[in-house]
Amino acid sequence: MTEQLALTSAQTGVWVAQQLNSADGSFAFAEYCEIAGAIDPGLFERAIHEVVAATPALRARFDIGDEGLCQFIDDAVEIPVHVLDVSDAPDPRASAEDWIAGGLAKGYDLAKGPLVACALIKLAPELWLWYRCAHHIVVDGFTHALFASRVAAVYTALVTGARRSHFPADLRRVVEADTAYQQSDAFVDDGAFWRARLAGQTDFASLTAWRPPPSAESFRENGRLGPEDVVVLRSVAGTLDVPWPALVIAAAAVRLHRASRVRQLALGLPVSNRRDPALREIPSMVTNTVPLRLSLTPDVDFVALARQAAQGVTEALRHQRYPMERLARELPALRDGRRQFGPDVNIMSFDYRGDYAGAPATVHTLNSGPVQDLAINVYNRGPAEGMHIAFDGNVALYTREELATHVGDFVSLLRSVRELAESGPIAP
């Protein structure tokens, strides 16, 4: 049986972008779990297939139907699950990483599917990698996390004999909610809010001499804030009575201002776009990116900037459903085809730990979709692990050495938030 559904706004944006450049591989969204413990590969593969069978979003393909562009949910689809043993290789991790790199390079046929692929790779008797990659039209970061947690739950139940949980997965409900929003007064009000908020935004900030890149292909460089650094960050946030992400956003604004001297910044803020609590339990692709405008006047200090960021995030979340692609069409174009806002600052506080029948696991995100210029990703790993900082830079704009330097500078800036909060104007 095949169910036919409309697309969400987010899916439509991805579909259009992919059609404009069918060879663009940046829509492959990938991560892996590193599982420290013994794994039964047969039961693990069974768990993956069971979750996919219960999750319409993971079985979708996209083509023109009777009513235009549709997603077709095929009950019979089987996603590939590769089981590999590289434990006898001279360098098992390197062998696994080479295989993953090859998997990332493979394209997807949106009309035929499947649009999800997995691999379970044995590095040692008690060390495994579970790799999953999907086209961004079917998953966002939130759905990736749901997929992992549900496979962990089913695998644990298969191993222990525990009762299975019921997982909400009604994709039609998500599509209908998205359609209803676009026909509502809230949709009109949100559009008016964003057009007013970005009125007069004529410049953009970047860490590089920006020029139109030929594609959205990117690579990633990583950094880390240790647990002790995170304690300081949270302490300063508590003293200033702002959420800790506001300090991260303010630090990103400082770094961009120092590089570009732009005072009126409009950063991109990726949001989950799931205001309805019921929709947070349904795997789908609905994520959005909204603008966060910050003003670095000559007299502003870091405390004032952090409070600007906190207030801006609160306001942005109230209007987070308005589609970025539509907003981009409604705003005056900037020079060189640059987007009205960006780079992106992506704060991710998902639960990155998992438990596979007693074997603990940690998630490593490999990429997070297309990057026009730069995406600053901050993964909150919890008190014991600190924060993972990842910069995704467009390959046409940055070298790896440049991007690594930018990551290091940003991590150093985050480590100095106490000094920043006690200093004077940051953009004299």
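Just want the answer: with Cβ charges of +1 for Lys and Arg and -1 for Asp and Glu, which residue in Ala152, Ala250, Tyr32 is farthest toward the dipole's positive end in the chain?
Farthest along the dipole direction, towards plus: Ala250.
Can you give the convex hull volume per residue for the Cα atoms of the range 74-229, as a whole number of Å³?
Values: hull volume 42.6 nm³, N = 156.
Each residue corresponds to 273 Å³ of Cα convex hull volume.
Which order do the peptides 71-83, 295-307 take when ranked by the mean count of other beta-carbon atoms within 10 Å per residue, highest first?
295-307, 71-83
Could you give each residue of the range 154-164 its phi-based ³J(HN,Hα) in whole Hz, using Karplus coefficients 6.51, -1.76, 1.60 with θ = phi - 60°, and x for Gly or Pro?
Karplus values, whole Hz, x for Gly and Pro: 5, 4, 4, 5, 5, 6, 8, x, 6, 6, 6.
Compute the long axis of helix 244-260 from its Cα atoms, compare it with the longest principal axis of the Cα atoms of the chain, and write down the angle in degrees, 0 to 90, nearest 10.
Its long axis makes an angle of about 60 degrees.
Less than 12 Å Cβ to Cβ from Ala266, Lys/Arg counted +1 and Asp/Glu -1: what total charge do the surrounding residues give?
Its environment carries a net charge of +3.
Please list, in order along the range 116-132, the HN-Hα scalar couplings obtained from phi with the Karplus expression 6.51 cos²θ - 1.76 cosθ + 1.60 (θ = phi - 60°), rounded to whole Hz, x for Gly and Pro.
9, 9, 9, 8, 10, 10, 8, 8, 7, x, 10, 8, 10, 10, 10, 9, 9
Quick one: which residues, 5 or more positions from Val86 or on another chain, have an amide H under 5 Å from its amide H? H modelled 1.01 Å from N in the peptide plane, none for Pro or chain starts.
Lys122
What is the Cα centroid distance between the range 102-169 and the range 213-289, reported in whole angstrom?
25
What is the list of residues in the range 289-317 whose amide nitrogen lies under 15 Å from a point 7 angstrom out from the Cα of Ala196, following Cα to Cβ?
Output list for this probe position: 315-316.
Work out how much length Asp109 to Arg326 would gain on full extension: take 0.36 nm times their residue separation and subtract the Cα-Cα distance, in nm to one decimal.
75.6 nm
Under Stokes-Einstein, with the Kirkwood radius over Cα pairs standing in for Rh, what whole-number D in µm²/s applies to the range 340-386 at 10 °C and 1.306 mPa s?
125
Whose amide H sits under 5 Å from the amide H of Thr289, counting only residues 5 or more places off or on another chain, with H placed in the peptide plane?
Residues meeting the amide H criterion: Val271, Met324.
With θ taken as phi - 60° and the coefficients 6.51, -1.76 and 1.60, list the Karplus ³J(HN,Hα) couplings across the range 318-328 in order, rounded to whole Hz; mark glycine and proline as x.
5, 10, 6, 7, 5, x, 4, 5, 5, 4, 4
On each of the three principal axes of the Cα atoms of the range 213-258, give max minus min coordinate, whole Å, ordered largest first.
45, 23, 18
What do you get when you divide the Cα radius of gyration of the range 252-369 by 2.2 N^0.38 Å, with N the number of residues?
Values: Rg = 17.3 Å, N = 118, 2.2 N^0.38 = 13.5 Å.
Ratio of Cα Rg to 2.2 N^0.38 Å: 1.28.
To the nearest 20 debye, what is the magnitude of the charge dipole of the chain about its Cα centre, counting +1 on the Cβ of each Lys and Arg and -1 on the Cβ of each Asp and Glu?
On the way: 40 positive and 52 negative charges, 184 e Å.
It works out to roughly 880 debye.
Please work out the average accessible area per residue across the chain, using the 1.4 Å probe convention, and give it in Å².
I get 43 Å² per residue for this part.
When the gyration tensor of the range 60-113 is built from Cα positions, what are the square roots of 5 times its three eigenvalues, in whole Å, from largest to smallest? Before the final figure, lay out each step's value.
Working: eigenvalues 252, 30, 5 Å².
Ellipsoid half-lengths, sorted descending, are 36, 12, 5 Å.
Using alpha carbons only, how many degrees (0 to 90, rounded to 10) separate the axis of helix 41-53 from the longest principal axis of the chain?
Result, in degrees: 70.
What full-extension length gain, to one decimal in nm, is calculated for Arg93 and Asp203 as 0.36 nm per residue of separation minus the Cα-Cα distance? Write down the numbers at each step before the final one.
Numbers: separation 110, 0.36 × 110 = 39.60 nm, distance 4.40 nm.
So the chain would gain 35.2 nm between Arg93 and Asp203.
Ignoring ligands, DNA and RNA, what percent of the 1.4 Å accessible area of the chain is carbon and sulfur?
With neighbouring chains kept in place, the figure for the chain is 52 percent.
Lys and Arg at +1, Asp and Glu at -1: add these up for the other residues within a Cβ distance under 14 Å of Ile39 and post the number.
-4
Could you work out how much longer the chain between Glu78 and Gln183 gets when fully extended? Use 0.36 nm per residue separation minus the Cα distance between them, nm to one decimal.
Working it through step by step, the gained length comes to 34.2 nm.
Would you compute the Debye intensity of the chain from its alpha-carbon atoms alone, equal scatterers and no solvent, and pass along log10 I(q)/I(0) at q = 0.07, 0.12 Å⁻¹ to two decimals?
-0.34, -1.05
Semi-axes, largest first, in whole Å: what does sqrt of 5 times each Cα gyration tensor eigenvalue give for the range 67-153?
So the equivalent ellipsoid measures 28, 15, 11 Å along its semi-axes.
How many nm is it between the label spots at Arg172 and Gln311, if each spot is 7 Å from the Cα in line with the beta carbon?
Going by the 7 Å Cα→Cβ label model, 4.6 nm.
Search the structure for amide H atoms under 5 Å from the amide H of Ala205, placed 1.01 Å from N in the peptide plane, and list their residues when 5 or more places away or on another chain.
Amide H neighbours of Ala205: Ala266.
Modelled label-to-label distance, Glu67 and Ala53, 7 Å Cα→beta-carbon offset: nm?
2.9
Based on the Cα gyration tensor of the range 180-318, what are the three equivalent ellipsoid semi-axes, each the root of five times an eigenvalue, rounded to whole Å and given largest first?
For the range 180-318, the semi-axes come out at 26, 21, 19 Å.
At a 1.4 Å probe radius, which order do Ser149, Ser95 fall into by accessible area, largest first?
Largest accessible area first, the residues go Ser149, Ser95.
In Å and from the alpha-carbon atoms only, list the Rg and Dmax of the range 172-258.
19.4, 48
What ratio of Cα Rg to 2.2 N^0.38 Å holds for the range 306-428?
Working: Rg = 17.6 Å, N = 123, 2.2 N^0.38 = 13.7 Å.
Dividing the Cα Rg of the range 306-428 by 2.2 N^0.38 Å gives 1.29.
Could you work out the Kirkwood radius for the range 1-95, taking every pair of different alpha carbons, averaging 1/r and inverting it, reported in Å?
Radius from the Kirkwood sum: 16.5 Å.
Hey, what angle do you get for helix 227-240 against the long axis of the chain, alpha-carbon based, 0 to 90 degrees rounded to 10?
50
The values are calculated or read from the model by the stated rules, or taken from the named source; none is laboratory data. Keep in mind the model is a prediction, meaning the values are calculated, not measured. Methodologically, a virtual Cβ is constructed for each residue, glycine included, from the backbone with ideal geometry; neighbour enumeration extends over all protein chains shown. In case anyone asks, the SASA skips ligands and DNA or RNA and just uses the protein heavy atoms, side chains included. Shrake-Rupley method; radii C 1.70, N 1.55, O 1.52, S 1.80 Å.
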